[in-house]
Amino acid sequence: MGTTAEVSIGGSHRPLRDVVATEMRRLILDGTLKPGERLIEDRLAEQLGVSRNPVREAIRVLEAEGFLEVVARRGAFVATLSATQADDLFEVRLALEPLGARLAACQTSPDRIARMKAVLAQAQTSPDQHDLDTLAQLHTELHSLIFEMTGNNYLIALAIPMVRRGQWLLRQSAPLRTPSAWAEHHGLIAAIEEGDPDLAEARGRHHVLSVRSSMRQQLGTADR
């Protein structure tokens, strides 16, 4: 299940449930915890330097996000992501991401816009030399910033878990090292910065459709 964490997270000032969930999510995203693998609470608690209670709480968080499947009397397992489930995820993205782009364009947040541009610049600087974990994390941060910029707490609560689940899929199948995978974000960010909700919504939808097309080619699935 991987090597013991170099630094115990038990001393963090954040709620332990959140800290443990973040670390467990990272272990799933980077492949240390593999699809179908059963989680051993005692082992995870020892590895992360915490008691079993925050591990159990983190398991509930990750189950709600779709990263884990909890089976009665059997325990928690790392979820698998089939081609059908991936397509289902993109159906939800098609509903939420254009809406997020539209609402973000109705707000003013220079700090978030600046951070989006910085994330994009980092991702586009020799993307072929970045590891997939870094690229997936940058993609997640960029899209999370858009949803956060909306200021709509209901949308944020729905969308951020979707974005994180999407990071898992992107790491496995999307061409994050391909320049075109990032180039579309320039137009999306520009439309949001210009305060053009119609254009931002259209570009948000086009981006999701483009990524879905690339994902389907990788997974060998056909359009529904």
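The values are calculated or read from the model by the stated rules, or taken from the named source; none is laboratory data. Keep in mind the model is a prediction, meaning the values are calculated, not measured. Note that each Cβ is placed from the backbone with ideal geometry, even for glycine, and that neighbours are counted across all protein chains shown. Each accessible area value is taken on the protein alone, full model and side chains, heavy atoms only, with ligands, DNA and RNA left out. Shrake-Rupley method; radii C 1.70, N 1.55, O 1.52, S 1.80 Å.
For the chain, the fraction of 1.4 Å probe accessible surface lying on carbon and sulfur atoms is 49 percent.
Spin-label model, VAL70 to ALA121: label points 7 Å out along the Cα-to-beta-carbon direction sit 4.4 nm apart.
Note on ALA157 and ARG177: the extension gain reaches 4.3 nm, defined as 0.36 nm multiplied by sequence separation minus the Cα-Cα distance.
Placing +1 on the Cβ of every Lys and Arg and -1 on the Cβ of every Asp and Glu, with no other charges, gives the stretch 83-182 a dipole of roughly 180 debye about its Cα centre. The residue list LEU176, GLY166, GLY151 was ranked by how far each Cα lies along the charge dipole of the chain toward its positive end, using unit charges on Cβ atoms, and GLY166 comes out on top.
Keeping all protein chains in place, calculate the accessible area per residue for the stretch 34-159 (probe 1.4 angstrom), answer in Å². Let's see the in-between values first.
Working: 6290 Å² over 126 residues.
That works out to 50 Å² for each residue.
Each Lys and Arg adds +1 at its Cβ and each Asp and Glu adds -1 at its Cβ; summed about the Cα centre, the stretch 1-153 shows a dipole of about 360 debye. Structural descriptor for the chain: relative contact order 22 percent, calculated from alpha carbon pairs under 8 angstrom and at least 6 residues apart.
Each Lys or Arg adds one and each Asp or Glu subtracts one; over the other residues with Cβ under 9 Å from the Cβ of LEU94, this totals +1.
Summing Lys and Arg as +1 and Asp and Glu as -1 over all other residues whose Cβ lies under 15 Å from the Cβ of ASP196 gives a net charge of -1. Summary of the geometry: the stretch 25-74 and the stretch 144-202, compared by the centres of their Cα atoms, lie 27 Å apart. In the chain, a dipole from Cβ-located charges (positive for Lys and Arg, negative for Asp and Glu) runs towards its positive end, and of LEU103, ALA83, GLN129 it is ALA83 whose Cα lies farthest in that direction. Here r is the Cβ-Cβ distance between THR108 and ASP88 and R0 is 25 Å; the resulting FRET efficiency, rounded to 0.05, is 0.15.
Peptides 134-146, 49-61 ranked from most to least packed give 134-146, 49-61, packing being the mean of other C-beta atoms within 10 angstrom over each peptide's residues.
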